[in-house]
Amino acid sequence: MPHDTLPDPASKLLPGSYDGLRKLLGEFRRYQEAAFPERPPRFFALELAGETGELANLEKKVWKGRQVAPDDFDDESADVCIALLNYANSRGIDLARAVEEKMRRIDRRRRAEPEDR
């Protein structure tokens, strides 16, 4: 029996619905349209890159043994999430559908090529 047809308890843990993400995207779109001028996708792509870089820089500081306030991780993670949602909306990406499809592909690959634990 091929790996991807074997019963797998982890596969059963995949989200059953991505409707919450779809709703959140809609709420972010409405807010963005009401509160800010229209911006092109590249604006949000650059914002996403910048915010991700700031989050990565915090991890680099920790890796180097420096102290970072836990709230800083919260703040930068929120910035990354907001920028991603705004980017997806600006591009017309159904992020809920895209994430659901990607998770299925990841799960199939994980079952076909299991990692050592």
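Remarks
- Residue list for segment 89-117, restricted to those being within 22 Å of residue 12 (Cβ to Cβ), in contact (Cβ under 8 Å) with a residue 12 or more places away in the chain and among the aliphatic types (A, V, I, L, M): 96, 99, 103, 112
Yes/no per residue for (1) under 30 Å from residue 112 (Cβ atoms); (2) loosely packed, with under 12 Cβ neighbours inside 10 Å; (3) touching a Leu at 6+ places or on another chain (Cβ under 7 Å):
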site: 8; (1), (2), (3): yes, no, no
site: 18; (1), (2), (3): yes, no, no
site: 22; (1), (2), (3): yes, no, no
site: 28; (1), (2), (3): no, no, yes
site: 65; (1), (2), (3): no, yes, no
site: 71; (1), (2), (3): no, yes, no
site: 74; (1), (2), (3): no, yes, no
site: 77; (1), (2), (3): no, no, yes
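- Under the condition of being farther than 16 Å from residue 20 by Cα, in contact with a helix residue (DSSP H, G or I) (Cβ under 7 Å, 6 or more places away or on another chain) and open to solvent by 50 Å² or more (accessible area, probe 1.4 Å), the residues counted in segment 80-111 number 3.
- Condition broken by residue 35, with the remaining ones in (1) surrounded by 13 or more Cβ atoms within 10 Å (Cβ to Cβ); (2) farther than 30 Å from residue 8 by Cβ satisfied: (1)
- Looking only at segment 6-37, and only at residues there that are at pLDDT 95 or above and in a loop (DSSP other than H, G, I, E, B), the one that is nearest to the chain's Cα centre (by Cα): 18
The values are calculated or read from the model by the stated rules, or taken from the named source; none is laboratory data. Remember, it's a predicted structure, so these values are computed and weren't measured experimentally. Reconstructed Cβ throughout: ideal geometry from the backbone, glycine too, with neighbour counts over all protein chains shown. In case anyone asks, the SASA skips ligands and DNA or RNA and just uses the protein heavy atoms, side chains included. Shrake-Rupley method; radii C 1.70, N 1.55, O 1.52, S 1.80 Å.
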